């Protein structure tokens, strides 16, 4: 239910949630009341269901040290580059955006929300995470996820790029965070592919930020 409510672009009625869960309305109502008691969901005056403040508290507790170390660097990247910067982690078979920061003074930045999930087979963030391993090391993990050829290139270059893989017309550059103190992670920026011609400054900024995060974590 939390996933359904959080992913919905509009607030949902109890009937909507019950239909999406394929349960009777009374069952959905009892679950909603329980989640309301824990401040994970709330209802507005019309009775529509929306995420509540308790979810934010839970989110902050996920990889707390990593998020604390990354936030200043993401903020600096976003504002200096005028791009949305984000922190991605590898969980099971997917790449999950744990944290993101949009630039303060840019109305053209690509929106990339925390909680966004995509397969490890698309996007620069996943390639960067794979590049922390050799092909043989990755296969030994028995992930059932193919080791992308771009990961070897990223291992050599220290960064990964992608374009038109997650969203058409959108590109991303990512760098792995070289730390053994956290789950495999990378930091990245996302931008309209047509707006950037020289990527060297972006790559340098990302590499420096990744090292700063690793230092803060005590790598």
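Out of all the residues in the range 33-57, which are outside any loop (DSSP other than H, G, I, E, B) and more than 29 Å from residue 112 (Cβ to Cβ)?
Step one: filter the range 33-57 for residues outside any loop (DSSP other than H, G, I, E, B), giving 33-37, 41-43, 49-51, 53-57.
If the condition is that a residue be outside any loop (DSSP other than H, G, I, E, B) and more than 29 Å from residue 112 (Cβ to Cβ), then 33, 34, 36, 37 are the ones that fit.
Among (1) buried (at least 16 other Cβ atoms within 10 Å of the Cβ); (2) out of contact with any helix residue (DSSP H, G or I) (no Cβ under 9 Å at 6 or more places or on another chain), which single condition is residue 147 missing?
Checking residue 147 against (1) buried (at least 16 other Cβ atoms within 10 Å of the Cβ); (2) out of contact with any helix residue (DSSP H, G or I) (no Cβ under 9 Å at 6 or more places or on another chain), the one that fails is (2).
I'm trying to understand the selection: among the residues of the range 157-201, which are within 20 Å of residue 90 (Cα to Cα) and at pLDDT below 90?
Those that are within 20 Å of residue 90 (Cα to Cα) and at pLDDT below 90: 165, 166, 167, 179, 180, 181, 182, 183.
For the range 125-144, what are the residues that are surrounded by 14 or more Cβ atoms within 10 Å (Cβ to Cβ) and on the phi > 0 side of the Ramachandran plot?
None; the set is empty.
From the set of residues in the range 168-195 that are out of contact with any helix residue (DSSP H, G or I) (no Cβ under 7 Å at 6 or more places or on another chain) and without any contact (Cβ under 8 Å) to a residue 40 or more places away in the chain, which is nearest to residue 151 (Cα to Cα)?
If we filter the range 168-195 for residues that are out of contact with any helix residue (DSSP H, G or I) (no Cβ under 7 Å at 6 or more places or on another chain), which is where we start, we get 168, 180, 183, 190-195.
From what's left, without any contact (Cβ under 8 Å) to a residue 40 or more places away in the chain: 168, 180, 193-194.
Values: 168: 21, 180: 19, 193: 20, 194: 24 Å.
Of everything passing the filter in the range 168-195, 180 is nearest to residue 151 (Cα to Cα).
Need a quick list: strands (runs of 3 or more DSSP E) entirely within the range 115-219 having at least 2 residues that are within 30 Å of residue 51 (Cβ to Cβ) and in the same structural domain as residue 91 (by TED's automatic domain parsing).
117-119, 170-176, 185-192
Select from the range 75-95 the residues that are within 21 Å of residue 130 (Cβ to Cβ) and in contact with a helix residue (DSSP H, G or I) (Cβ under 9 Å, 6 or more places away or on another chain) and write down the one among them that is surrounded by the most Cβ atoms within 10 Å (Cβ to Cβ).
Checked the range 75-95; the qualifying residue surrounded by the most Cβ atoms within 10 Å (Cβ to Cβ) is 88.
Tell me yes or no: at least one residue of the range 102-115 is surrounded by fewer than 19 Cβ atoms within 10 Å (Cβ to Cβ), without any contact (Cβ under 8 Å) to a residue 24 or more places away in the chain and in contact with a strand residue (DSSP E or B) (Cβ under 8 Å, 6 or more places away or on another chain).
Yes.
The values are calculated or read from the model by the stated rules, or taken from the named source; none is laboratory data. Worth saying up front: this structure is predicted, and the values here are computed from it rather than measured. Ideal geometry is used to build each Cβ from the backbone, glycine not excepted, and the neighbour counts take in all protein chains shown.
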